[in-house]
Amino acid sequence: MDNTPTTEKKVSLNITGMSCAGCVARAEKAALALDGVRTSEINLAMKRGTMTFDPALVSPDEIARAITEAGYPSTPEPDPAEAAHHHHNAKAQGGAHVHDDDAGELKRALLFATGFTLPLVFVSMGRMVPGIGGAMAGIMDHHAWMAVEWVLTTPVLFYAGWRFFTTGWNEIHHAAPGMNALVMLGAGAAYFYSVLALVAPGLFPAGTAVAYFEAAGVIVTLILFGRYLEAMAKGRTAAAIQSLLALQVPTAHVERDGRFVEVAVEDVRVGDRALVRPGERLPVDGSVAEGTGFIDESMVTGEPLLVEKRVGDEVVGGTVNCSGALTIVVSRIGADTVLARIVRMVEEAQSGKPEIQKIADHIAGIFVPVVLVIAAVTFALWFAFGPEPTLSHAFVAAVSVLLIACPCAMGLATPTAIIVGTGRGAETGVLIRRGTALEMLAKIDTVVLDKTGTLTEGRPELREIRLVAAGQDEDAVLALAAAAESRSEHPLGQALVNAAQARGLAPVAVTDFSARAGHGITATVSGKPVAIGATRHLAAEGIDTSGGEGIASGLAAQALTPVFLAVDGTLTAVFGIGDKLKPESRDVVQALHGMGLATAMLTGDTQATAAAVASEAGIERVVAGVLPDGKADEIKRLQAVGRKVAFVGDGINDAPALAQADAGIAIGAGTDIAIEAGDVVLMSGDMNGIVRAVRLARRTLRIIHGNFFWAYAYNVALIPLAAGAFYAAFGWLLNPMLAAAAMSVSSIFVVGNSLRLKSFDPGESACTSVPSPRPPASRPRPSATTRASA
């Protein structure tokens, strides 16, 4: 579904120094300013950027250099395929190492700052406490204690808080002030005002030579504390990728020189034979060569039922063998395994940027300069019209405005929710390939479903044999038809072959076979000319089908596809072939209706058969007789009348429709997943995944809206208080220290609100310590070759 031209490439970058949505906007602007950079998406929470670029015009190193020069140190990441192969590679951690490093650095800085800030607060505030103040005055005078405050504050600002000054200066230098610039200006103003009051008090009007050293120190310490909590929480948001990577076992028991030896998983090769004992995780993807076992595939499918695996069945690395020893032949390793692909998809989704986040970044880019103007106006008004001491009041109000308006919470509002939402989806078998898909899926009003392989099992079966010619034997007629169809690959023909095998009918000799796509076949069976197919095929062969039209209508009303058989030029029988509805289809359609969504079904089947299936499933609207390439046109038509459409298909022949839909949902089945086809991939064939995906998307969007409310409303509501708008009426002024604390709280609230998504529909594992003596039979899984085109 990726429409990127082949001349374009993608690069992922690690980017540090960003702390708000304004930083993101500035970094993206720097990248897009380069000739050859087509798109840029930077994720604040993951500290990663993804750019598409023309390698003939620009290189990854040049893109990284441009972002670094904009004030945000950046380095290109290694090739994803190489990283996915090496389990311990930092790239595979999906940015989690970055968060660990951040949290570690911030913790050290916070502990250092706290060690100086606690005595600073005691010295500053203690002088105002009766008894303590008198004792301190007896030791040193007020001016000497101000000097002590200066000694305690300086290392807090210029060692522990130096990051705010370097990054803040870069932001101002590049005319893109962000949160760090606001902290630098607020804390720096408090510090240098106090230094002047200490060394040259005569420069100040009477009563204004006051020290705000404790405010500067506490501001930096509080913001470091908020950043540390954010880094810890952001590390938790990356836990989904961490938990997926934890499923990759480090070693495998591989056959070497006739015996099984333990080797590192990186040394396993395609074609190797590996032994998997009961209770062990499968090290890589492969197929069963010996033994049978029951596998917990909930990691891939989100389904808690155990699946029986016999010789020839495919198995997935990371799943658990709950009972029975298996010998597997390795088919995929490293970056090609299903697990590696899932990790890659989740990472890409978490780096993606929905439209709502682009708007937020744009607003933040405007918001910070506006705050600087408000702070300057606040200072001027207080200085001109405020009560004595005017300079102190003006200074406190301006610094409070700078600190309360820090927009870091705005930059975290969307990415933290997307990270937790996509991670939770992966854990429940709903693989969201793009962050944008969550937003689109939350807004859909119509769900269009493919019939075969989506609503139905995708395995046509012979359900009825209606004889037309008198004196015919049912088994003999079926044997003739199955013999003719044994040369055909059509799913309806395969249903006849399967039925004959089930009855134990002996194969019959076939000659002169020919097939006409979409119509039928002709062959000579036991010396007799045989024609099988639709009425148009038999008519083209000059055979009268009028005797079977009534039978065909009756079969179609039962949701069966009629297939005509003629022997020796005479209509002999009509077969009714049907594809059973999946057991959960009706309940899922009802659930979608209950969520306020309209449903429609697209199929290449006849109108009568399609109507019968739709009626059984409870679907309102049916469009029948649509060829695969016409499905996208039907979705376009719905979109043209204002519908927001999700298309659900089996991901094999539905790629154009999946691409056209506002949200494409590909239904996979185990390892048979068309993982590149949809925006959302349901890792099992279970239709309930559609309901789970829509609910997850809606919940995530609600969380994002809540985050925006708290980030923006909070800042906007408190700016008037910080500016002193309520001083005349109520005498309220906001202390800069409280402003800094309140700003940090807003960021922590946003991250915490996003983490609520981790409780979404967790499900349970199927593999217990004592497997049942009679485990449930596995649900049949259609493969890509047997699944019929709708």
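Every residue, every condition in (1) within 24 Å of Val370 (Cα to Cα); (2) in contact with a helix residue (DSSP H, G or I) (Cβ under 9 Å, 6 or more places away or on another chain), yes or no:
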{"position": "Phe116", "(1), (2)": "no, yes"}
{"position": "Gly138", "(1), (2)": "no, no"}
{"position": "Met146", "(1), (2)": "no, yes"}
{"position": "Asn170", "(1), (2)": "yes, yes"}
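The set of residues in the range 137-170 being open to solvent by less than 30 Å² (accessible area, probe 1.4 Å), β-branched (Val, Ile, Thr) and within 17 Å of Tyr72 (Cα to Cα) consists of Thr167 alone. For Ser553, are the conditions met, namely being open to solvent by 60 Å² or more (accessible area, probe 1.4 Å), over 16 Å from Gln472 (Cβ atoms), touching a helix residue (DSSP H, G or I) at 6+ places or on another chain (Cβ under 6 Å) and not acidic (Asp, Glu)? No; evaluated as a whole, the condition is false for this residue. Give just the number: which of (1) without any contact (Cβ under 8 Å) to a residue 60 or more places away in the chain; (2) open to solvent by 10 Å² or more (accessible area, probe 1.4 Å); (3) more than 51 Å from the chain's Cα centre (by Cα) does Leu571 not satisfy? Only one criterion is unmet by Leu571, namely (1).
What residue, of Thr454, Thr436, is buried (at least 24 other Cβ atoms within 10 Å of the Cβ), over 30 Å from Gly217 (Cβ atoms) and out of contact with any Ser or Thr (no Cβ under 8 Å at 6 or more places or on another chain)? Steps first, please.
Numbers: Thr436 fails: buried (at least 24 other Cβ atoms within 10 Å of the Cβ).
Only one candidate passes the filter, namely Thr454.
Each row is one residue, and each column tells you yes or no for (1) closer than 17 Å to Ala211 by Cα; (2) assigned to a helix (DSSP H, G or I); (3) within 55 Å of the chain's Cα centre (by Cα).
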residue: Ala113; (1), (2), (3): no, yes, yes
residue: Val123; (1), (2), (3): yes, yes, yes
residue: Met128; (1), (2), (3): yes, no, yes
residue: Ala135; (1), (2), (3): no, yes, no
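In the set (1) open to solvent by less than 20 Å² (accessible area, probe 1.4 Å); (2) within 28 Å of the chain's Cα centre (by Cα); (3) at pLDDT 85 or above, the condition left unmet by Arg702 is number (1). Only residues that are open to solvent by 50 Å² or more (accessible area, probe 1.4 Å) and assigned to a loop (DSSP other than H, G, I, E, B) were counted across the range 253-270, and they come to 4. If I filter the range 275-308 down to residues being part of a strand (DSSP E or B) and within 29 Å of Thr422 (Cβ to Cβ), which single residue comes out as modelled with the lowest pLDDT? Across the range 275-308, the extreme among qualifying residues is Leu306. Only one of the numbered conditions (1) assigned to a loop (DSSP other than H, G, I, E, B); (2) surrounded by fewer than 20 Cβ atoms within 10 Å (Cβ to Cβ) is violated by Ala559, and that is (2).
Just for the range 680-700: of the residues that are of a type in the set (A, V, I, L, M, F, W, C) and assigned to a helix (DSSP H, G or I), which one is nearest to Gly668 (Cα to Cα)?
Ile690
For the range 34-60, residues that are assigned to a loop (DSSP other than H, G, I, E, B) and either open to solvent by less than 30 Å² (accessible area, probe 1.4 Å) or polar (S, T, N, Q) (or both) total 8.
Here Thr603 does not fit the description of being farther than 20 Å from Ala534 by Cβ, touching a helix residue (DSSP H, G or I) at 6+ places or on another chain (Cβ under 9 Å) and crowded, with 19+ Cβ neighbours inside 10 Å.
Pairing each residue of the range 160-172 that is over 17 Å from Leu111 (Cβ atoms) and in contact (Cβ under 8 Å) with a residue 40 or more places away in the chain with any residue that is of a type in the set (Phe, Trp, Tyr) and buried (at least 22 other Cβ atoms within 10 Å of the Cβ), provided the two are 6+ apart or on different chains, yields C-beta distances under 8 Å for Asn170/Tyr72. Checked against (1) in a helix (DSSP H, G or I); (2) within 23 Å of Thr452 (Cα to Cα); (3) at pLDDT below 90, Ile577 meets all criteria but (1). Counting only residues that are without any contact (Cβ under 8 Å) to a residue 60 or more places away in the chain, open to solvent by 40 Å² or more (accessible area, probe 1.4 Å) and within 19 Å of Glu474 (Cα to Cα), the range 484-525 holds 11 of them.
Return the residue satisfying two criteria in turn: it lies in the range 721-742 and is in a helix (DSSP H, G or I) and of a type in the set (Phe, Trp, Tyr), and of such residues it is least open to solvent (accessible area, probe 1.4 Å). Let's see the steps before the verdict.
Within the range 721-742, the subset in a helix (DSSP H, G or I) is 721-723, 727-730, 736-742.
Narrowing the set further to residues that are of a type in the set (Phe, Trp, Tyr) leaves 727, 730.
Numbers: Tyr727: 75, Phe730: 125 Å².
Taking the candidates together, the pick is Tyr727.
Among the conditions (1) touching a His at 6+ places or on another chain (Cβ under 9 Å); (2) part of a loop (DSSP other than H, G, I, E, B), the only one that Phe383 does not satisfy is (2).
Within the range 581-600, being surrounded by fewer than 16 Cβ atoms within 10 Å (Cβ to Cβ) and either part of a helix (DSSP H, G or I) or basic (Lys, Arg) (or both) holds for Asp587, Gln590, His593, Gly594.
The values are calculated or read from the model by the stated rules, or taken from the named source; none is laboratory data. What you are looking at is a predicted structure, and each value in this text was computed from that prediction instead of being measured. So basically every Cβ, Gly included, is an ideal-geometry build from the backbone, and we count neighbours across all protein chains shown. Side chains included, ligands, DNA and RNA excluded: accessible areas come from the protein's heavy atoms. Shrake-Rupley method; radii C 1.70, N 1.55, O 1.52, S 1.80 Å.
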